[in-house]
Every structure is written in structure tokens, then in C-alpha cells.
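Down below is the structure, laid out as C-alpha cells.
The values are calculated or read from the model by the stated rules, or taken from the named source; none is laboratory data. Since the structure is predicted, the reported quantities are computational estimates derived from the model, not experimental observations. Cβ coordinates were reconstructed from backbone atoms using ideal geometry, including for glycine residues, and neighbour counts include every protein chain displayed. In case anyone asks, the SASA skips ligands and DNA or RNA and just uses the protein heavy atoms, side chains included. Shrake-Rupley method; radii C 1.70, N 1.55, O 1.52, S 1.80 Å.
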Amino acid sequence: MPPPPRYSPAEKATLIAAARAQIRQGISRKEVAHRLGVNLASLSGWLRESTLNMLYPPAPPTMPRNRSA
């Protein structure tokens with residue numbers, strides 16, 4: 001069983017917003033990750049995921065059809 005997530009969704013959103021603000025100022029992702037105390041790979045993944053969610057919002061979950069009908 002995988003370990004529980006280290007950051008809550010609210011903490012992640014705060015970190016992503018802070019990272020985006022610093023990146024806009026011209027600071028490298030590596031330095032941003034170091035300043036925020038986050039793993040660079042995690043930060044890059046979060047930024048990519050949030051960008052994709054902005055461009056292509058996730059579809060709402062659908063209930064499976066009843067095939068016996």
C-alpha cells in the first residue's frame with residue numbers, strides 16, 4: 001500500500017501558485033523547488049498536471065451503463 005500524500009490539496013495549490021509566481025519572475029524551476037523545500041520532480045509534475053487541467057478540464061465521472069437493459 002502506498003504511503004499517504006505528503007501535502008494536502010490545499011497545500012499543493014499554495015505551493016503551485018507560489019512556484020508559478022517565482023517562475024514568472026525568471027527564477028529557475030530548480031531554484032524554486034529548493035526555495036519551497038519541494039522535490040524538483042514533484043514540483044514539475046504538479047505544474048504539468050495543473051497546466052493540463054487548465055487547458056483540458058477533466059471530464060466528470062460517469063456511471064457505467066447497465067448492460068443488462
Handout entry: Matching residues, segment 1-33, being open to solvent by 60 Å² or more (accessible area, probe 1.4 Å) and either of a type in the set (S, T, N, Q) or assigned to a loop (DSSP other than H, G, I, E, B) (or both)
Key = Met1, Pro2, Pro3, Pro4, Pro5, Arg6, Thr14, Gln25, Gly26, Ser28
Practice task
Note down all Cβ pairs under 6 Å where the first residue falls in segment 15-32 and is more than 13 Å from Ser50 (Cβ to Cβ), the second is modelled with pLDDT of 95 or more and polar (S, T, N, Q), and they're at least six residues apart or on different chains.
Solution key: Val32/Gln22
Problem - Output for segment 21-47, where each listed residue is over 18 Å from Glu11 (Cβ atoms) and not small (Gly, Ala, Ser) - result: Ile23, Arg24, Gln25, Ile27, Arg29, Lys30, Glu31
Fill in the blank from the handout: Of the residues in segment 51-65 that are of a type in the set (Ser, Thr, Tyr) and under 22 Å from Ile16 (Cβ atoms), the one that is least open to solvent (accessible area, probe 1.4 Å) is Thr51
Exercise for the section: Test Arg48 against the stated conditions and say whether it is over 13 Å from the mean Cα position of the chain (by Cα) and without any contact (Cβ under 8 Å) to a residue 60 or more places away in the chain. Expected result: no
Handout entry: Residue within segment 34-46 that is part of a helix (DSSP H, G or I), exposed (fewer than 10 other Cβ atoms within 10 Å of the Cβ) and among the small types (Gly, Ala, Ser) present
Key = yes
